[in-house]
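Asker: One structure follows; several queries about it will come next.
The values are calculated or read from the model by the stated rules, or taken from the named source; none is laboratory data. Not measured: the values here are computed from a predicted model. All Cβ positions, even for glycine, are placed from backbone atoms using ideal geometry, and neighbour counts span all protein chains on display. These area figures cover heavy atoms from the full protein model, side chains too; ligands, DNA and RNA do not enter into them. Shrake-Rupley method; radii C 1.70, N 1.55, O 1.52, S 1.80 Å.
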Amino acid sequence: MSLNQLRAEEIKAKFEERDAHIRESWVRAMEARLVRDELEKCQKGEGVNHYENCKWLSEKYLNMLAENKVQGYKHIDV
């Protein structure tokens, strides 16, 4: 294999790794959005008791907000 072909394969592998990382990042962000939607439903349905009955959902959502931020490809290259 020539040097150009090796370089092209390295670049292609790097782009595929970036795409996979960004895709996983977006999936985690969308999971957080689903939890937020369920939290809103719980809060509307429970009324004044939502502080007690939806506490586990709010804690889960806060954890997901901290952990599941969308990170671009520059974050993994540096």
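Asker: Which residue out of Glu31, Glu10, Glu16, Glu40 is of a type outside the set (Val, Ile, Thr), open to solvent by 80 Å² or more (accessible area, probe 1.4 Å) and under 16 Å from Asn68 (Cβ atoms)?
Answerer: Glu31
Asker: Would you be able to tell me the number of residues in the range 43-56 that are open to solvent by less than 100 Å² (accessible area, probe 1.4 Å) and in a helix (DSSP H, G or I)?
Answerer: 7
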